[in-house]
Every structure is written in structure tokens, then in C-alpha cells.
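Below is one structure, written out as C-alpha cells, with a few remarks after it.
What follows draws every value from the coordinates through simple rules; no lab data is involved. Since this is a predicted model, take the numbers as computed values, not measurements. Positions of Cβ are generated from backbone atoms using ideal geometry, with glycine treated the same way; all protein chains shown enter the neighbour counts.
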Amino acid sequence: MSIEIEINGEKQQFSSGVSISEVMKKMEIDENKWVGARVEGKVVDFWHNIREDSQISLIKRDSDEGLLLVRHTAAHVLAEAVQSIFPEAKVTIGPVIENGFYYDFDFERGFTPEDLEKIESKMQEIISENRKMARKTVSRAEAIKTFEKDGETYKVEIINDLPKNDDITIYSQEKWYDLCKGPHVPNTALIKVFKLTSSAGAYWRGNENNQMLQRIYGTAFWDRKALKKHLNQLEEAKKRDHRKLGKELDLFSFHDDIGPGLILWHPKGAKIRRTIEDFWRDEHEKFGYEILFTPHMAKLDLWKISGHVDFYRENMFSPMDVENSEYQIKPMNCPFHILIYKSKLRSYRDLPLRWAEIGTVYRYERSGVLHGLLRVRGFSQDDAHIFCRPDQIQDEVAGVLELTLSFLKTFGFDDYEIFLSTRPKKFVGSEENWDKATDAIRMALEGKGLSYEVDEGGGAFYGPKIDLKIKDVLGRAWQCSTVQVDFNLPERFEMSFAGEDNSRHTPIMIHRAIFGSIERFFGILIEHYGGAFPLWLSPEQVRIANISDEQIDYCEEIYTSLKSKGINVEKDFRNEKLGYKVREAQLMKVPYMLVVGDNEVDQKTVSVRKYSEKKMNSMTIDDFSSKILDEISLYN
């Protein structure tokens with residue numbers, strides 16, 4: 001069969017199944033200037049076979065897309081280097097991740113920093129040999145035979161789990177090969193600079209019931225300047241790690257006696273959480289939402305109706321028996337809000353209904369993927385559901401976007417990316433409803449003047465969605481806010497409203513979260529601010545320190561005055577030197593410290609020292625109170 005291929009604006013006819021490399025040779029394009037290609041939006045390598053009419057754009061060296069291919073090849077070079085030094089190590093998987101790559105090995109012990117140095121040297125040797133990469137497609141039987149002979153049991157397991165109609169491809173770098181779908185760069189010499197950054201344990205396929213593997217993380221860049229910048233960011237990220245700062249600032253903790261992924265909020269962390277939640281509820285009420293509260297569990301039958309038992313069971317905790325009925329601790333809040341909707345007849349005049357809840361849910365996350373506050377088993381979603389008519393989708397999504405952007409700006413996030421995910425191959429609902437909903441979402445985004453990327457086919461099976469990724473102070477992207485249109489649950493629960501024509505109609509359900517979860521957002525906030533929260537969020541806004549016991553009475557007056565105004569104030573009247581008290585307040589990242597000596601008592605003033613600043617300013621307590629109350633009010 002003949003197909004038409006357009007590459008860099010030029011079109012030619014080819015036979016179906018032709019590789020990009022063959023296309024480039026026929027069209028006399030120098031492969032040395034390029035490292036890969038994008039075919040109909042997908043990044044591929046030169047071995048990729050084209051089976052239908054396609055538009056191809058070539059990927060330049062020194063490009064971000066090219067870097068993805070380089071990093072994937074670097075992961076293979078890492079695996080070869082490890083097996084060269086430690087032949088007993090078995091290989092598993094080695095994907096590209098954000099800003100780098102990793103490879104997991106079945107090895108008897110963890111890799112040490114000294115091991116990583118040896119592995120890096122071996123990798124450099126392989127890279128300098130300018131090994132050519134090659135791909136071949138093999139039968140399932142041949143692939144299994146090959147990897148069984150090598151003793152690579154994990155590869156055999158992967159092959160057996162592949163869909164029957166999948167091509168099985170093996171990439172080699174001359175002396176070493178790996179089961180892989182690609183894509184890769186043409187040769188190892190294109191890996192210009194790289195660094196192995198760390199090692200850690202990881203369960204096979206993220207399941208704690210499986211073998212513990214040893215993971216090596218690495219990264220690669222086109223030049224040393226970019227690598228150095230990245231390594232500096234990694235060091236800064238370590239300083240900002242929310243797990244480290246959470247302990248140092250006494251915000252939260254985890255305990256084996258309770259179980260992994262379950263959080264204890266300490267007084268200071270709880271104070272910040274309460275501030276966030278109070279702000280969240282107040283702002284939602286301003287935007288026309290009503291606040292709900294729902295139970296932590298329900299009869300299992302509810303989750304059968306919702307479909308969670310069929311599609312989400314592996315992420316749900318086991319049900320419990322209560323008086324001969326099975327109850328399920330809730331993984332979602334959605335069904336509860338639906339039942340409130342169904343508690344009475346609804347009219348088209350009642351819609352939209354906007355209901356919001358900070359509802360705690362529980363999900364069975366495997367211990368191998370738990371990560372501080374960012375991945376836990378018990379967490380509180382800042383959940384909201386909007387029930388509306390189809391003609392109201394655009395306005396409701398626009399309102400959600402307005403509220404979301406207002407929230408993120410308040411918490412210090414002005415940089416973000418927006419993605420619109422459209423209908424996947426498998427979906428519920430009619431194509432007409434999908435098209436209407438997708439158009440409504442698109443018009444809401446454009447009506448707000450927001451730039452977005454389209455993720456074709458990336459929608460959930462039940463409706464199109466918007467995902468918003470915020471960027472922190474280090475430029476790292478975090479998935480938080482989401483808006484999802486749902487055709488599925490209203491039908492499953494037989495929801496309805498009386499239309500203007502007096503007949504029954506099915507409402508549209510919009511799922512919406514701004515933070516994603518309070519816990520995860522709090523972890524992001526800690527790292528974004530490095531623990532030095534803005535004044536309005538700080539659990540301790542002011543600390544009063546005396547120089548000697550003679551000032552304690554006056555300090556108590558100041559404390560009472562500030563406390564009465566709703567300011568988070570603490571006192572440090574310990575018999576310690578002032579320098580020690582100042583250093584400790586700085587370590588706890590207290591925004592303002594008030595130092596009181598004999599002069600301050602005589603003049604009825606305080607010496608004000610701001611966090612991270614050395615100079616102190618003298619002012620009256622009334623002036624100081626007005627100053628910080630004005631600063632706090634900017635967010636309220």
C-alpha cells in the first residue's frame with residue numbers, strides 16, 4: 001500500500017511500513033543534523049515504521065525533545081555499565097522521567113556512592129566508543145528464549161504481560177541489548193554530559209509484595225552549564241524537602257505504630273492547615289458554593305453502583321463487616337454528593353448546584369510509592385461537585401477557572417501550564433455530548449484568555465477534563481487543579497431534573513479540585529517557600545524575646561496586646577543569650593522577632609527584626625500591630 005509522507009514541508013510517496021531513516025535517505029536528508037522525529041505529535045526515533053499518511057517534523061540536536069531520546073539511551077548505557085561491573089545484577093526497567101532517567105536492578109545490596117563513581121566511569125567509556133544503536137523486531141517466542149538464556153527473568157515477565165498483538169523490539173548498542181519500545185538516539189556519542197545523582201530501593205512494579213530492587217537515578221544534558229544548573233537545583237531541592245523541613249519546623253510526623261501513609265498534624269502544622277481550610281471555605285461561599293460534610297464510610301453497594309468496585313478495587317481498602325453488611329471506607333466523595341442531590345426532586349430552575357467539601361478519603365497506595373505528604377493513604381480532598389444543565393457547562397467551567405487562578409495567586413503560584421484532554425478511544429456517553437462539553441470547556445478557557453495545550457485522547461472515559469500544573473520557585477511542575485466533566489455517574493445513579501418541558505433530563509456533573517488534596521498541597525507549599533511561609537500562613541508570626549528578666553512584665557503586655565488582635569505570637573523568656581534566641585527564631589523561620597531591652601521598656605517601643613534580615617527597626621507596638629495586620633489583610 002502506498003502512503004504519502006510530508007517531512008519538513010516536502011511530500012513523497014512511500015510503501016507502508018517504511019522507517020523514518022529510509023524516508024530520510026530517499027529524500028537526501030542528512031541524519032547527522034537530527035536525533036529523532038515527531039510523527040503526528042508523537043516523539044519517535046529513526047527506526048519508527050510509518051504505516052499511514054503522516055506529517056513528520058524532525059527533532060534537532062540541542063532540543064528539549066532530543067534530550068528525551070538522549071536520556072533514554074543513557075539509561076541503557078547505565079544498565080550495560082552496571083552489568084559490566086556487577087554481572088550478577090539483573091535488569092528490569094529504565095524509563096525517562098522528568099529531568100532525567102532511572103534504571104532498576106535486582107541486586108543483592110544497595111549501590112554506594114563509590115559504586116556510582118565506578119559506573120559513571122564505565123558509562124563514559126561506552127559513550128566514547130560511539131556505539132551505534134540498532135533496533136530489531138522479534139517474535140514473542142524468540143524474545144522469551146533470548147532473555148531466558150540470559151537469566152533475565154524480569155524481561156521474560158514483561159514479555160508475557162505484553163498484549164498479544166504488540167511488536168516486540170530489542171535495542172542494541174553493539175555489545176549489549178535490551179527489551180525496549182524506544183525511542184533512542186542513533187549512537188551513544190550523542191550523550192554529551194551526564195551524572196548519576198542518587199540510588200534508592202524500589203519494589204518491582206511498585207508492589208511491596210514483590211522483590212525489592214535497587215534503583216539508580218541519573219540525568220543528561222546537552223552541555224555542562226545546563227547540568228550544573230540542574231545539580232544546583234537538586235541541592236536546593238534537598239534543602240527544601242518537605243519531609244526534612246516538616247520535622248525541623250515541627251509541622252507533622254509519621255509513625256510506624258499508626259501505619260505508613262497516615263499523617264499526624266502537630267500544632268503548628270495544624271494551625272497552617274486550619275488557615276488554609278478557613279480561607280478555602282470562605283472563598284467558596286463567596287463564589288456561590290455550599291459546604292457539605294459526609295461520612296468516612298458507606299455500604300459497599302454504593303461503590304458497586306459508582307463503579308469503583310469494578311474499576312478501582314486495587315486502590316481501595318478491604319471492606320469491613322458491620323451487622324452482616326459490608327462497609328467500605330471511602331476512596332472518593334462523589335457518591336455522597338450524588339445522594340444528597342437525589343434526596344429530593346430537582347428542577348432546571350435549581351441548577352447549577354455547587355457543593356464543596358474538604359472530605360477525608362483513604363486509598364490503598366503501595367508502600368513502595370508512598371512519599372511524605374505527596375503520596376499518602378489518608379488525605380483530604382478539596383472536593384467540589386457542580387450539577388448543571390448542558391447549556392451551563394461553559395459558564396460553570398469559567399467560574400471554576402476564575403476561582404482556581406485566584407486561589408493559586410494568593411498562595412504564590414503565578415506560573416502554570418494548562419492542558420485540555422479530549423475524548424479517548426474508549427468512552428461513555430454520546431459523541432454529541434462529548435463534543436458539546438469539549439467545546440464548552442475550550443470556550444471557557446479562551447474566554448478567560450488562557451493559553452493551553454490539547455492532550456488528544458487524554459480525557460477520562462467519562463468526560464473531557466482540564467488539568468492545571470503549577471510551577472514552584474525551582475521551576476518544578478506539580479499537578480494540582482483539575483476540572484472533569486462527567487457523563488457516567490449521573491447515568492449510573494439515575495440522576496435527573498425536571499426540565500422546562502416538564503420531562504426528565506440527566507444533569508451534567510463537574511468534578512473539581514483546586515489543591516488536589518490538602519496534604520499534597522501543603523507539601524508543595526513547604527518546598528515552594530522553603531518553610532519560610534508568608535506572614536498570613538505562618539503558624540508563628542511574631543516571637544517576643546527579652547534580654548533580661550527585668551523586661552518580662554512589659555513583654556507580657558506586648559504578648560497580650562498582639563494575641564488579642566488575632567496575631568500568632570509566641571514568647572521566648574528563657575534565660576539564654578539574645579544571640580541564641582535570634583538564631584533559633586531564624587532556624588524556625590519566624591517572620592518577625594521583637595527584641596525588648598531596657599531602652600524599649602523606657603520608650604514603650606519594640607526593636608523589630610524581620611526574618612533573614614540583620615537590621616532592627618524601632619517602633620511602637622501599635623505601629624507594629626498595624627503594619628503586620630495590614631500585611632495579613634492583603635490575603636483576606
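Structural remarks
- Test set (1) under 31 Å from the mean Cα position of the chain (by Cα); (2) under 30 Å from residue 231 (Cα atoms); (3) loosely packed, with under 14 Cβ neighbours inside 10 Å - residue 166 fails condition number: (2)
- When every residue of the stretch 285-299 is checked against the conditions, at least one turns out to be surrounded by fewer than 16 Cβ atoms within 10 Å (Cβ to Cβ), free of Cβ contacts under 8 Å to residues at least 12 places away in the same chain and under 25 Å from residue 395 (Cβ atoms).
- Residue in the stretch 335-349 that is in contact (Cβ under 8 Å) with a residue 12 or more places away in the chain, of a type in the set (Val, Ile, Thr), buried (at least 16 other Cβ atoms within 10 Å of the Cβ) and part of a strand (DSSP E or B) present: no
- Complete set of residues in the stretch 227-271 that are free of Cβ contacts under 8 Å to residues at least 24 places away in the same chain, touching a helix residue (DSSP H, G or I) at 6+ places or on another chain (Cβ under 9 Å) and in a helix (DSSP H, G or I): 238, 244
- Hey, residue 523 surrounded by fewer than 21 Cβ atoms within 10 Å (Cβ to Cβ) and of a type outside the set (Asp, Glu) or not: no
- Here residue 242 qualifies as under 22 Å from residue 527 (Cβ atoms), surrounded by 15 or more Cβ atoms within 10 Å (Cβ to Cβ) and out of contact with any Phe, Trp or Tyr (no Cβ under 7 Å at 6 or more places or on another chain).
- The numbered conditions (1) under 20 Å from the mean Cα position of the chain (by Cα); (2) surrounded by 19 or more Cβ atoms within 10 Å (Cβ to Cβ); (3) of a type outside the set (Phe, Trp, Tyr) are all true for residue 388 except (1).
- In the stretch 538-567, the residues that are in contact with a Ser or Thr (Cβ under 9 Å, 6 or more places away or on another chain), surrounded by fewer than 21 Cβ atoms within 10 Å (Cβ to Cβ) and aliphatic (A, V, I, L, M): 567
- The selection criterion, being surrounded by fewer than 17 Cβ atoms within 10 Å (Cβ to Cβ), acidic (Asp, Glu) and in contact with a helix residue (DSSP H, G or I) (Cβ under 6 Å, 6 or more places away or on another chain), does not hold for residue 453.
- Scanning the stretch 459-477 for residues that are in contact with a helix residue (DSSP H, G or I) (Cβ under 9 Å, 6 or more places away or on another chain), farther than 26 Å from residue 308 by Cα and surrounded by 15 or more Cβ atoms within 10 Å (Cβ to Cβ) returns 470, 472, 476.
- Which listed residue, of 365, 283, 277, 314, is touching a helix residue (DSSP H, G or I) at 6+ places or on another chain (Cβ under 9 Å) and either under 27 Å from residue 209 (Cα atoms) or assigned to a strand (DSSP E or B) (or both): 365
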